[in-house]
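J.: Just passing along the structure, written as structure tokens.
The values are calculated or read from the model by the stated rules, or taken from the named source; none is laboratory data. Computed from a predicted model, the values in this text were never measured in an experiment. Cβ sites come from the backbone with ideal geometry, for glycine too, and all protein chains shown count toward neighbours. SASA here: full protein model, heavy atoms, side chains in, ligands and nucleic acids out. Shrake-Rupley method; radii C 1.70, N 1.55, O 1.52, S 1.80 Å.
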Amino acid sequence: MSLLVVGLSHRSAPVSVLERASLAPHTQAKLLQDTLAAEPAAEGAVLATCNRIELYADVDKFHAGVAELSTLLAQHSGVGLEELTPYLYVHYEDRAVHHLFSVACGLDSMVVGEGQILGQIKDALALGQELHTAGRLLNDLFQQALRVGKRAHSETGIDRAGQSLVTFGLEQLADGTDVDDWAAGKRALVIGAGSMSSLAAATLARSGVAEIVIANRTAARAERLVQILTEPGSTGVAARAVDMVAVGDELTRADVVVSCTGATGLVLTGEAVETAMAGRTAPLALLDLAMPRDIDAAAHRLPGVRLVDIESLAEASADAPMAVDVDQVRSIVSDEVAAFGAAQRAAHITPTVVALRTMAADVVAGEVARLEGRLPGLDDKQRAEITQTVRRVVDKLLHAPTVRVKQLASEPGGAGYADALRTLFDLDPETVASVSRADLNDADVKNRGRV
């Protein structure tokens, strides 16, 4: 089996296509279930963010896997396969590992170095574990990606290369003015109470806005976010929650609006923004971080309205300077990809080595039993000494070749050593497979709940 990823992102597709191809949470779950039902795939995980959709799978056939995963992405995204195909990219084996590790470090983000992607990778793994679509390979891969991302942020200055989409978006709205100076004393309306909206509210609070209003379809989530913002020892900002039906009224009083919901249609129409602007002289700043978009693109044509959305952020980030730390992160990624590949290749041969040692132990037990039949006068001490001697001989004969074969198997092209061992020692394939299944079950139990 081999790792395959098929996906599209802001680097391969225009925002208009990404917007249409976005996956709702329930759609992600169905996509994973259908991936495992497909013949070429044994494991599956989906990474879906506002600017990327990627399907990871452990497949036994490359071409069939690419065709199947591409078809599944088209079916569940709602964009036809013929239209979607030109924007898809494919990574296989080590290149797929390299891609995910780069994504985890923020090297492939719209804003280089942003750290929010780590939370999204964590969520992707949690969903795969919950649905039991992530087996040993994808558990290992995503857990390691999280560690690599954290290492990049702790050992380098990649954070200086970029920031979250929220911060970058506010910088675009501030248009050259220091964000804290620009935000000071403003009234903010945040639509949505998910992870991105919560980050936006916290960022606005730290920037010095006077008031934050949270609007969300689920009142309890909005109230919870308000509680976090106003609890003792936090930012001290004034905050309150309102129903979604009150958004129109709040829009007339807000100076800055950040919207990021999971809605499939527009949350703020051009007409709603135009109505809110009637009779007011203060400008209105709109930041749309949703995919598909929450705010009608026509709003930017209204006098006094400045709109920044995912599309304009993509254009602005293309001109953002790259930090010197990016090269250091790339070096970390390369080293970690090599280490991950070596570990996976070494793990691949472990069931064969275990099966070989099990067979050897059975041979020893059989020969000792045969000897006891021929020499019934042996006392317990003699029997134990003979048994120990035979075991030592077998262990010494197997030690060097099993250690060496693990070393060789960890190198590129070393996968064939497991086949060679099975052939040379005539190992029962079912015995090897049973060891693999036991390892997989142990890994599943161990990894469950770790994210």
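J.: Can you give me the P(r) profile for the chain? Cα pairs, bins 20 angstrom wide beginning at 0, each as a whole percent.
T.: Pairs per bin, as whole percents: 21, 45, 22, 10, 3, 0.
J.: Over the stretch 221-271, what percent of the accessible surface lies on carbon and sulfur atoms, probe 1.4 Å?
T.: 50
J.: Right, next: Please list 3J(HN,Hα) in residue order for the stretch 390-402, calculated via the Karplus relation 6.51 cos²θ - 1.76 cosθ + 1.60 where θ = phi - 60°; whole Hz, with x for glycine and proline.
T.: Once θ is set to phi - 60°, the couplings for the stretch 390-402 become 4, 4, 5, 4, 5, 4, 5, 5, 8, 4, 4, x, 6 Hz.
J.: Still on this structure: Rounded to a whole number, what % of the accessible area of the stretch 43-103 do carbon and sulfur atoms account for, probe 1.4 Å?
T.: On the stretch 43-103, the fraction of accessible area on carbon and sulfur atoms equals 52 percent.
J.: Over the chain, what relative contact order in percent results from Cα pairs under 8 Å that are six or more residues apart?
T.: In percent, rounded to a whole number, it is 13.
J.: In the stretch 228-334, how does Rg compare with the Kirkwood Rh, expressed as the Rg/Rh ratio over alpha carbon atoms?
T.: Rg/Rh: 1.10.
J.: So, R0 is 56 Å and r is the distance between the beta-carbons of Asp60 and Ala278; what FRET efficiency does that work out to, to 0.05?
T.: Given R0 = 56 Å and the Cβ-Cβ separation, E is 0.35.
J.: Long-range amide H contacts for Leu307: which residues qualify at under 5 Å (H placed 1.01 Å from N, peptide plane, sequence gap of 5 or more or a different chain)?
T.: Long-range HN contacts for Leu307: Leu286.
J.: Sort 37-45, 300-308 by packing, meaning the average of other beta carbons within 10 Å per residue, with the highest value first.
T.: 37-45, 300-308
J.: Let me ask something additional. Compute the normalised compactness of the stretch 1-157: alpha-carbon radius of gyration over 2.2 N^0.38 Å, N being the residue count.
T.: Ratio of Rg to 2.2 N^0.38 Å for the stretch 1-157: 0.95.
J.: Rounded, prolate or oblate: which one fits the stretch 112-191, using the alpha carbon gyration tensor with axes a ≥ b ≥ c (rounded when a/c is under 1.5, else prolate when a/b beats b/c, else oblate)?
T.: oblate
J.: Within straight cross-link reach of Lys406, meaning Cα distance under 25 Å, which lysines are found once same-chain residues fewer than 8 apart are removed?
T.: Reachable lysines: Lys396, Lys446.
J.: Can you quote the Å³ per residue value for the convex hull of the Cα atoms in the stretch 234-296, rounded to an integer?
T.: Values: hull volume 6.9 nm³, N = 63.
Given the Cα convex hull of the stretch 234-296, per-residue volume reads 110 Å³.
J.: Now for a separate question. Could you work out the equivalent-ellipsoid semi-axes for the stretch 298-403, taking the square root of 5 times each eigenvalue of the Cα gyration tensor, largest first, in whole Å?
T.: On the way: eigenvalues 1008, 54, 17 Å².
Working from the Cα gyration tensor, I get semi-axes of 71, 16, 9 Å.
J.: Taking only protein heavy atoms and a 1.4 Å probe, what accessible area per residue, in Å², does the stretch 151-300 have with all protein chains in place?
T.: 43
J.: When the Debye formula is applied to the Cα atoms of the stretch 349-402, each taken as the same point scatterer, what base-10 log of I(q)/I(0) results at q = 0.17, 0.30 Å⁻¹?
T.: -0.58, -1.17
J.: Here's a follow-up. Restricting the count to DSSP beta bridges whose residues both fall in the chain, what percent are antiparallel, rounded to a multiple of 5?
T.: Working: 20 of 44 bridges.
Around 45 percent of the beta bridges assigned by DSSP in the chain are antiparallel ones.
J.: In Å and from the alpha-carbon atoms only, list the Rg and Dmax of the stretch 139-263.
T.: Using the Cα atoms of the stretch 139-263, the pair Rg, Dmax is 16.3, 50 Å.
J.: Which FRET efficiency, nearest 0.05, do Glu82 and Gln33 yield, Cβ-Cβ r, R0 25 Å?
T.: Approximately 0.50, to the nearest 0.05.
J.: Three principal axis extents, largest first, for the C-alpha atoms of the stretch 1-81, in Å?
T.: 34, 24, 19
J.: Using all C-alpha to C-alpha distances in the stretch 183-245, build P(r) with 5 Å bins and read off the rounded percent in each one.
T.: All Cα pairs considered, the percentages come to 4, 22, 35, 25, 12, 2, 0.
J.: May I ask for the angle, rounded to the nearest 10°, between helix 429-447 and the longest principal axis of the chain, with both axes built from Cα atoms and the value confined to 0 to 90°?
T.: Approximately 40 degrees, to the nearest ten.
J.: If you don't mind, another one. Between Asp159 and Ala220, what is the spin-label point distance in nm, taking each point 7 Å from the Cα along the Cα→C-beta axis?
T.: In this crude spin-label approximation the distance works out to 3.4 nm.
J.: Next up: Read phi for every residue in the stretch 67-74 and hand back ³J(HN,Hα) as whole Hz from Karplus 6.51 cos²θ - 1.76 cosθ + 1.60, θ = phi - 60°, with x for Gly and Pro.
T.: 5, 5, 5, 5, 5, 5, 4, 5
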